[in-house]
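Read through the structure below, which is laid out as structure tokens, and then see the notes.
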Protein chains: 2
Amino acid sequence: MQPARRPGGRTARVRTAVHEAVLELLREEEWDDVSIAQVAERSGVHQATIYRRWGTLSGLIDDVVYERLSQGSPVPDTGTLRGDIEAYALQVAEDVSGPLAALLMRAGMVGSRGPEGETFLINRGVQLQAMLDRAAARGEQPPTLLELMEVIIAPLYYHAIFFNRPAGPDHARSLVDRLLSLRGSSG
Amino acid sequence: MQPARRPGGRTARVRTAVHEAVLELLREEEWDDVSIAQVAERSGVHQATIYRRWGTLSGLIDDVVYERLSQGSPVPDTGTLRGDIEAYALQVAEDVSGPLAALLMRAGMVGSRGPEGETFLINRGVQLQAMLDRAAARGEQPPTLLELMEVIIAPLYYHAIFFNRPAGPDHARSLVDRLLSLRGSSG
């Protein structure tokens with residue numbers, strides 16, 4: 001199977017074909033059953049090329065995850081604290097409900113993640129802090145970044161990982177209410 | 001290396017030796033770098049015996065995790081809601097701070113866990129609900145099981161998995177305060 005032609009030259013085409021193969025395989029199998037040999041077969045890209053470019057399956061999976069998160073999940077800027085937090089919560093609930101859930105977990109796990117993972121998490125933390133700082137500058141009383149992580153993000157990941165049903169949009173909104181009510185009582 | 005002699009016969013000794021080898025290896029390496037061949041070498045138990053008994057490395061790891069959790073982490077019964085929740089939170093914070101953290105994650109992950117995992121999680125849910133029911137019977141206003149999971153357990157797992165520092169005891173207590181203050185305002 002030939003990778004489809006895309007703008008951006010051979011390197012970009014190889015990356016796209018390999019990423020798509022990884023995502024396809026992940027819809028069919030558990031992530032720990034996926035191998036570089038399967039990715040090579042599915043993508044039409046030689047194993048040697050994959051090893052040269054990504055080093056290991058972990059490195060490849062991280063690249064897929066961070067690419068998807070960076071492109072698909074920008075930090076919101078709606079003009080209100082509730083709007084931003086709700087948009088972010090809904091985004092995360094969606095991110096963790098698909099085949100990416102297990103990957104996000106793997107990619108984020110201490111000890112598993114490589115330098116791209118560290119960089120992504122640091123950048124994401126900075127962007128979220130900026131979102132909260134914008135609310136403070138408008139005179140709103142934002143939660144801390146830690147509260148945002150603990151009250152919204154941690155439960156969404158927990159549901160996706162430990163239960164068969166990831167939290168849907170209504171559930172995500174109830175977490176937003178909980179976070180804002182904490183601030184209402186202490187802020 | 002011979003497994004140490006323990007009470008309980010050969011089957012129990014084999015299980016103990018294999019479990020200890022798994023835990024040792026996990027202190028030295030990432031869990032996805034551990035193999036049954038290494039477990040066999042470290043424990044002095046033949047690979048064929050390990051395969052016959054546990055089937056796969058996943059099955060073996062699950063057995064180690066649930067054994068440790070069942071023995072080491074009974075659900076508390078201190079006589080007060082705060083006492084029970086605090087004891088449980090401190091226990092979980094400790095469970096997820098050692099080499100078991102990644103295993104807990106793997107063992108609990110949807111799609112990764114086997115029937116022992118399902119059974120353990122269901123039993124644990126029933127025990128925790130009983131702990132909350134005892135508080136209600138005493139006239140206290142307990143949170144729901146979902147609130148307990150989301151406000152206490154999810155953040156403790158999240159910290160252990162995504163940050164290099166698992167939440168310590170003080171942090172665990174602050175989550176207990178958060179949970180009980182939710183109930184204070186709504187209960």
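One line per residue, one yes/no per condition, for (1) outside the structural domain of A:Thr16 (by TED's automatic domain parsing); (2) over 19 Å from A:Gln127 (Cα atoms); (3) open to solvent by less than 50 Å² (accessible area, probe 1.4 Å):
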site: A:Glu28; (1), (2), (3): no, yes, no
site: A:Ser35; (1), (2), (3): no, yes, yes
site: A:Val39; (1), (2), (3): no, yes, yes
site: A:Ile50; (1), (2), (3): no, yes, yes
site: A:Leu60; (1), (2), (3): yes, yes, yes
site: A:Ser70; (1), (2), (3): yes, no, no
site: A:Arg82; (1), (2), (3): yes, no, no
site: A:Asp95; (1), (2), (3): yes, no, yes
site: A:Gly98; (1), (2), (3): yes, yes, yes
### Message
Just to be sure before I move on: is A:His171 farther than 16 Å from A:Gly83 by Cβ, within 11 Å of chain B (Cβ to nearest Cβ) and touching a Lys or Arg at 6+ places or on another chain (Cβ under 8 Å) in the structure I sent?
### Response
no
### Task
Mind listing whichever residues of segment B:135-160 are away from chain A (no Cβ under 12 Å), in a helix (DSSP H, G or I) and buried (at least 17 other Cβ atoms within 10 Å of the Cβ)?
B:Ala135
### Task
Tell me, please, whether a residue that is modelled with pLDDT of 90 or more, over 18 Å from A:Arg68 (Cα atoms) and in a helix (DSSP H, G or I) can be found in segment A:11-31.
no
### Query
Are any residues in segment B:161-181 open to solvent by less than 60 Å² (accessible area, probe 1.4 Å) and free of Cβ contacts under 8 Å to residues at least 40 places away in the same chain, and if so, which ones?
B:Phe162, B:Ser174, B:Arg178
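Would you mind stating whether B:Val45 is surrounded by 13 or more Cβ atoms within 10 Å (Cβ to Cβ), outside any helix (DSSP H, G or I) and more than 14 Å from chain A (Cβ to nearest Cβ)?
In short, yes.
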### Message
Suppose we filter A:Leu26, A:Leu57 for residues that are in contact (Cβ under 8 Å) with a residue 24 or more places away in the chain, within 28 Å of A:Ile161 (Cβ to Cβ) and within 14 Å of chain B (Cβ to nearest Cβ); which single one remains?
### Response
A:Leu26
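The values are calculated or read from the model by the stated rules, or taken from the named source; none is laboratory data. Quick caveat, the model's predicted, so the values are computed rather than measured. Cβ coordinates were reconstructed from backbone atoms using ideal geometry, including for glycine residues, and neighbour counts include every protein chain displayed. Side chains included, ligands, DNA and RNA excluded: accessible areas come from the protein's heavy atoms. Shrake-Rupley method; radii C 1.70, N 1.55, O 1.52, S 1.80 Å.
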